[in-house]
Every structure is written in structure tokens, then in C-alpha cells.
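The block underneath contains the structure these notes are about, expressed in C-alpha cells.
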Amino acid sequence: MNETIMAAARERAAGHRRRFDLRFEAYFDALPERLDTPALSRFTPRCLELLRDLSLRGGKRLRVALLYEAARLVTTDPVPGLAEAALSIELLQTHGLVHDDIIDDAPLRRGGPSTYYTYRREFPTADRTALGLAVLAGDLAAFLSMRVLLEADVPAELRQAMLEVQLDAGAETVAGQIVDLERDLRRIPDEEFLHTVCEYKSTRYSVLAPLRLGLLAAGEHLGGEVNARLCRYAIPVGIGGQLRDDYLDLFADEDSTGKSTGADLRAGRRSYAVSALLAAADEEQRAVVESALGDPHCPAATVERVRELARRLGVDRKLRADMRRCAETAAAEAGTWRPHWREEAVAFFAGLPLANVVRE
């Protein structure tokens, strides 16, 4: 893949992120006045403050880039409804992060405390209150995600279609969370099961929904062939992204990820990295991994021992090779779009997956 194309994809994605972050900040600035909440409540403003903090704290905004570039597959004209769709996508992401951190008992997110752990610190003697407030914060973000789409200045039929995409994505993500927990009760999940978890937990809302929303807003009809085309691209992109996250969790450092290193290991998650390690290890080595797996108090020295074992067994090389294979598959699929959509936007979709791999 041409370095110029990959660099252009990175720069376009960065531009979308900069513009969206300003709009997201403005959304949260206006939200307290627009949302009808109990005037006497102290907890509600704090909830909005924490949702704002988590939402604005970071994130690559690749969903936003996918949304806007999907519309550019059809037209370069301004497209009504994209701004609201972008807000909806990222609010749904905030919902997912808040609930993920409750399920995973995760203290860190995006370089700062998770919403759940913030509430735990604020209510050290009221565990149920802290848990309840974190759950409700995530719920509120989900409802706001749907509400913002209803404010889009687009025809009612289009608004309905976009809302259906997001509602489906939200429901499928919850199903993905359920099967994610099921995965962790399997000693060594096979690749098909790992791919299924990835598709439902992240790919459908992180890749497929933004593509569908962008095309819908731009006036494209999402018929059978168009949807099949999007799925052939979204699935390897989603798997590659999850492989990257799992790779970073085991092999990167906390400063670069904004999350605790070895979090998957401590939480007992059979991620792509952990599953590959278990599959490659012999019985003695597997016992070392399993002694740490699911131990929330697993010391850093033990995580480092597992990491070195994974390197000796070539797990890091396998994951990088799998990431590249997914990126190349997605790029090849995007290349088949040229007879159907605009070349400049097609080049973005061809360059983006490999650009994300190369930066490692």
C-alpha cells in the first residue's frame, strides 16, 4: 500500500476528529439547559459532568471518520444529519465504555479513572450507590445517543432509518457483551467463537453502523449487495481493531494505552492474545498463565513473566501478522468499490486499515 495513501487516510481521520471534538464539547456545554432534570438533584449534574469528562477525554474517533467518509463515497456536498449521527455514535460509545468498565471492574479508561471507579471513590461506604450511579450514567448516555438522532433536520423517513441502524447496533452490542462473558468460561475459545464475539461486541456498532449511517444520510440505498459489500469490509476491520487492542493490552505499556497493562489477564478475559498464548503453551506453561488469569491482584512481575512467555512463544508476532492480514483483506475489499463509489473516498477506506497497523 502506498505510504502517501496511508498518510492521507491518517490526516483525514485526524481532521474529522478535531472538528468533531469541538462539536462534542459544544453539545455537552448545551446539554444541562436542554435536558429536563430535577432542579434539586445534586447527583444528576455530577452524572452529566462525568459523561462529559469520559466522552471528551480521548479516543481516536474512527467511528466519526468512517461516518463522514462513507458519505463522501457518494457526494462531496454537505450532508444534513451527519453531525447528529456522529454525536449519536460517540454517545453510544460512551455508554459502552461506562458499562464495560463496570463489567470488567476496570479502574482506568482513556488515561483517567473510569466512571465506575470515580463513583466508588466518591461513595467509599456505599457500594450499591456507586454501582447504581455508574449503571445509570451508562444508561443515560445510551438514551441521549438515540435522542440526538431525533433532532436531525432530515426527512422523517431518513430519520427513522438512521434510528433503526443505531437501535439495532445497540441491541447487537449488548448481545455481544453477553457472548463475551460466555467466551471467558471456555478454557481456550476457538477462533470462530472469538470472531463472533468481536463482530457482535464491537464491529457492528463501531464499523458497520457508521458506514450505514453515512451512506443513508448521503442518499444511498442500502440494498443486499451494498450491505454485503460493507460487511466484507467491516468484519476484517473490526477483527483487526480488536486484535490490536488485545495486543496492546498484553505487550504495550500503560502510558501508551491509558488502561492498566495486563487488564485482560487480571480480569480472566480469553482475549485474542490470551487465547493464542494458551493455545501455544504446553501444560507447564499453561499452568503459569492460568495461575494469573482471573486474579485481580496479579502483581506486575507476574504479568511481565506472562508477557515474556508470550514473546518466546511468538504470540506477539502471530497477532501482528493477523492484524496485517485483516488490514490487507479490508483494503482489497475497498479496492473493489471503485466502480461503485468516488475514488477519493475509496482510497481513504483502502488506506485506513493498513495505516492503523503500520503505526504499531
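The values are calculated or read from the model by the stated rules, or taken from the named source; none is laboratory data. Quick caveat: nothing in here was measured; it's all calculated off a predicted structure. So basically every Cβ, Gly included, is an ideal-geometry build from the backbone, and we count neighbours across all protein chains shown. Side chains included, ligands, DNA and RNA excluded: accessible areas come from the protein's heavy atoms. Shrake-Rupley method; radii C 1.70, N 1.55, O 1.52, S 1.80 Å.
Quick notes
- Which numbered condition Asp36 fails, given (1) without any contact (Cβ under 8 Å) to a residue 60 or more places away in the chain; (2) under 30 Å from Val207 (Cβ atoms): (2)
- Residue match in the stretch 65-72 (condition: modelled with pLDDT of 95 or more and more than 20 Å from Leu149 (Cβ to Cβ)): yes
- Residue that is nearest to the chain's Cα centre (by Cα) [pool: residues in the stretch 142-181 that are open to solvent by 50 Å² or more (accessible area, probe 1.4 Å) and in contact (Cβ under 8 Å) with a residue 60 or more places away in the chain]: Leu181
- Residue within the stretch 270-292 that is of a type in the set (Lys, Arg), farther than 30 Å from Arg72 by Cα and either surrounded by fewer than 19 Cβ atoms within 10 Å (Cβ to Cβ) or touching a Cys at 6+ places or on another chain (Cβ under 9 Å) (or both) present: yes
- Residue under evaluation Phe43, criteria (1) within 19 Å of Asp101 (Cα to Cα); (2) open to solvent by 50 Å² or more (accessible area, probe 1.4 Å), criterion not met: (1)
- Output for the stretch 322-341, where each listed residue is surrounded by 16 or more Cβ atoms within 10 Å (Cβ to Cβ) and over 23 Å from the mean Cα position of the chain (by Cα): Trp337, Trp341
- Taking each residue of the stretch 284-312 that is more than 21 Å from Arg187 (Cα to Cα) and looking for partners that are modelled with pLDDT of 90 or more and open to solvent by 70 Å² or more (accessible area, probe 1.4 Å) with beta-carbon atoms closer than 6 Å, six or more apart or interchain, yields nothing.
- Close pairs from the stretch 2-15: first among the charged types (D, E, K, R), partner open to solvent by 80 Å² or more (accessible area, probe 1.4 Å), Cβ under 8 Å, at least 6 apart: Arg10/Arg359
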